[in-house]
Amino acid sequence: MIFDYARRLFIVFVLGICVSVMFITGNNAKAEGDEVAKDTGIWIFPVEGMITDSFGTRGGTHKGMDIGGEAGSPVYSVAKGIVSKSYLSNSYGHVVFIRHENGYETVYAHLESRLVDENQEVVQGAQLGTLGNTGRSTGAHLHFEVHKGEWTINKENAIDPYRVFGNGEVGQLVFAKEKDPFQTVDVAGTPEGNLNEDVHTLTHTVQKGETLWGISQKYAVSIEEIMSQNALNNTDLVISQILKIPTIHRNDRYVVKKGDTLSSISLAQGIDLDDLVHKNGLDLQSAIYPRQVLKVQ
């Protein structure tokens, strides 16, 4: 009888310890997550392109995010800091490290070129280099790392960039110099710009490193449409050049927003799902992503 009572007390005691540990661990995890968000809340995204790989893949050895894009497109510093390293690495290729005021360090690897030197101070949004395919790389992309503390060879301080910018996924478009890199914005910065609206033109100011192809992808129009609208004879651009971006009567197209699915689009646009898939050369399992343009008529 006494033994049975003691056993019950022991079980209650062990359960109490387990619950306390779970509570403390949960609070610590939440606090850490909140701390990262607080520390990096004003950071902007470093490059425009598409997510091609995420943190923790390759058996846990991939300690950053890969963003595929057009070679030569600009790569920016996510926040103010000092260039702690800028060199050519056998693995990282042309790479720049930025030490930030809050103790974090960010890494920008596989660059085509570097535009900053070690110990140089940079402001948020400063161009560090251009996107490339140097080092151990199989295509033009930026390998971007975030370290809560100093970068080390074992990368024990590496954290998932999604903790900074919010959850994304492979195949999703991201936008440079945005605090929310997954947000769909028009040239004026208005969320959820939509080509379904009867807008005649937008304007775009050419930035260093931009190409006509990249601009056409940004606004989901063809190169030929932009050239025709601006009476261009070739695809050469000049920094600070003002381009008119045609968006005339695009009621036959739909710009995908974050959270959309093929089914939700077919319902909202009144088009049969099979027709939607067929018109756009897709299948029912195809992934779609923000700012993708779909034919709906």
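Those residues that are over 9 Å from the mean Cα position of the chain (by Cα) and either at pLDDT 80 or above or among the charged types (D, E, K, R) (or both), I need them from the stretch 179-197; list them, please.
Matches in the stretch 179-197: Lys179, Asp186, Glu192, Glu197.
Suppose we keep only residues that are among the polar types (S, T, N, Q) and modelled with pLDDT under 75 within the stretch 198-227. Which one would you say is farthest from Gly72 (Cα to Cα)?
Thr201
Could you say whether any residue in the stretch 268-282 is closer than 22 Å to Thr52 by Cβ, part of a loop (DSSP other than H, G, I, E, B) and of a type in the set (A, V, I, L, M)?
yes
Counting only residues that are on the phi > 0 side of the Ramachandran plot and over 20 Å from the mean Cα position of the chain (by Cα), which one in the stretch 99-120 is surrounded by the fewest Cβ atoms within 10 Å (Cβ to Cβ)?
Asn119
Being in contact with a helix residue (DSSP H, G or I) (Cβ under 8 Å, 6 or more places away or on another chain) and free of Cβ contacts under 8 Å to residues at least 24 places away in the same chain is the filter here, so list the residues in the stretch 204-224 that pass it.
Correct list: Ser216, Ser222, Ile223.
May I ask you to list the residues in the stretch 69-98 that are in a strand (DSSP E or B), surrounded by fewer than 17 Cβ atoms within 10 Å (Cβ to Cβ) and not aliphatic (A, V, I, L, M)?
Scanning the stretch 69-98 gives Lys85, Tyr87, Ser89.
The values are calculated or read from the model by the stated rules, or taken from the named source; none is laboratory data. Note that the structure is a prediction, hence the values are computed from the model and not measured. A quick note on method: Cβ atoms are made from the backbone with ideal geometry, for glycine too, and the neighbour counts reach across all protein chains shown.
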